[in-house]
Amino acid sequence: MSTNTAPSTNETPVLEALHLRKEFPLHTIKLFGPPQAIHAVEDASLALRPGHATALVGESGSGKTTVARLLARLYAPTAGSIRYREEIVRTRGEAALRSYRRHVQMVFQDPFSSLNPMHMVRYHLSRPLRIYGHAHGAAEETRLIMSLLERVNLTPAEQFVSKFPHQLSGGQRQRVAIARALAARPSVLLADEPVSMLDVSIRLDILNLLARLKEEENLALLFITHDLASARYFAEETQVMYAGQMVEGGPSEEVIQRPQHPYTQLLLSAAPDPDRFGSVDQHQQDDGKGSPRIQMILPASGSGELPSLITPPGGCRFHPRCPHAMPVCRQQFPPRTELGGGHWIHCFLYGAENAQSGEVKGKFGGWPQEVRLQRGVRPRRMNE
Ligand code: SF4
C-alpha cells in the first residue's frame with residue numbers, strides 16, 4: 001500500500017457532517033443544578049467524497065465512533081445536520097431511515113458481535129439484498145451472494161456460504177461484514193476501527209481490501225482509527241479529534257508529516273513512524289524557511305488524560321494538557337484557521353486574527369499575541 005495523495009477538494013462531497021453536536025443525557029438523580037449529560041461531540045464537521053478515504057483519528061473516548069454513528073443515523077444529533085448529496089437528511093420514520101441506510105452503510109469494530117451466531121453467511125448477505133430489493137428470485141439471490149463473497153476474497157464462495165460465524169476466523173468474519181455492507185450497494189462506507197480487533201497478520205489484507213473496494217466502487221469512505229500510520233497509508237485525508245472536538249485536519253501526508261496542533265504532535269510523539277522525516281521536534285524547528293516554530297515539549301507518553309466529558313473543560317478542551325495554553329484557550333474554542341493546501345487547525349497559536357478579533361481582543365487586550373512572542377512562537381498565517 002502506498003502513501004495517499006491529497007484529496008481533490010473540488011469534488012462535491014457525497015456526505016457531509018455540519019457542526020454536529022451530541023450529548024447523552026445522564027439519568028441520575030441530582031437534587032440541585034441542571035441535569036447532567038455526556039458532551040460526547042462538539043461542533044464536528046467533515047466531508048466525504050466519492051473514491052476518497054477520510055481518516056478520523058484520536059484516543060479512545062475522543063468521539064470518533066460517536067461521529068460515525070451519528071452519520072449512520074444510529075444516534076440522532078443534539079444539534080447540527082447531515083447532508084447527503086447536498087440535501088439535508090431527515091430520517092423520521094422507518095422508510096426514510098431504510099432509504100438512507102441503503103446509501104450509507106457501516107462496518108463495525110467487532111466482527112464477533114456484528115454477525116448473528118444463529119445464522120449462516122447466506123442469511124447475513126441475503127437480508128440486505130431482499131430489504132433493498134436488489135435480488136429478484138432465489139437464483140439471482142444466490143448469484144449475488146456468491147459474487148459478494150468473491151469481491152471480499154472469500155473463495156471458493158461455495159465453501160463459505162453455508163458456514164456459521166463461529167466456523168470463521170476474525171478476518172473472515174470481517175470480510176462477511178464488509179460483504180453485507182456492500183450488498184446494499186452504498187455510496188458511503190463508515191468503517192469503525194475495522195482492523196483493531198483482528199490479528200496483526202491480517203490487518204493489512206483487510207485494509208488493502210477496503211482500499212480496493214473504495215477504488216472499484218467509488219466509495220466515500222470514513223476510516224475510524226487510533227493508528228496514525230494506517231491513517232497515513234490508507235486515507236487521503238485525516239482529521240484529528242480530541243475530547244469531542246475536531247482540532248486539525250487536511251491531506252494525510254501534510255497532517256502527519258507536519259503536525260501543527262499540540263495534540264496531534266502529542267499523538268505522533270507517542271506513535272513514532274520510521275518513515276517520518278526526523279522527529280517532530282526536529283521537523284518543527286526546521287521548516288526550510290529558517291523561521292522559529294512551536295517547540296515540542298510534551299513528553300512522549302503524553303501528560304494527563306482525557307478530561308471528563310460530563311464536565312468538560314471550557315474553550316479548547318486540550319488546554320489542561322497543553323504546554324502552550326493561554327487564558328483565552330479556557331474561554332472559547334478557537335475558530336478554524338486555514339494553513340494552506342487544505343490543511344486547517346483550531347488553535348489560538350495560529351492565525352493572528354484569531355486572537356485579535358471580537359471578544360477575545362476586548363477581554364484580553366490582545367495579550368495572547370504577546371504571550372506567543374514571549375514564548376518564541378510565531379503565529380502562522382494563511383498560506384504561509
Ligand atoms: Fe493549546 Fe490553546 Fe491551542 Fe488549545 S487553543 S491547543 S490550549 S494553545
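Rule-based calculations on the coordinates, nothing more; no lab input. Please read these numbers as outputs of a predicted model, since none were measured by experiment. Quick reminder, even Gly has a Cβ in these numbers, built from the backbone with ideal geometry, and neighbours come from all protein chains shown.
A few notes on this one:
- Taken over segment 230-271, the residue count meeting the criterion of being touching a helix residue (DSSP H, G or I) at 6+ places or on another chain (Cβ under 6 Å), away from the ligand (no atom under 15 Å from the Cβ), part of a loop (DSSP other than H, G, I, E, B) and farther than 20 Å from P13 by Cα is 1.
The rows are residues; the columns are (1) touching a Gly at 6+ places or on another chain (Cβ under 9 Å); (2) in a helix (DSSP H, G or I); (3) in contact (Cβ under 8 Å) with a residue 60 or more places away in the chain; (4) farther than 23 Å from Q174 by Cβ.
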position: A55; (1), (2), (3), (4): no, no, yes, no
position: M118; (1), (2), (3), (4): no, no, no, no
position: H124; (1), (2), (3), (4): no, yes, no, no
position: M146; (1), (2), (3), (4): no, yes, no, no
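- For segment 332-348, taking the residues that are part of a strand (DSSP E or B) and more than 9 Å from the ligand (Cβ to nearest atom), the one that is surrounded by the fewest Cβ atoms within 10 Å (Cβ to Cβ) is identified as G340.
- Here K163 passes the criteria (1) within 17 Å of M120 (Cβ to Cβ); (2) in a helix (DSSP H, G or I) except the one numbered (2).
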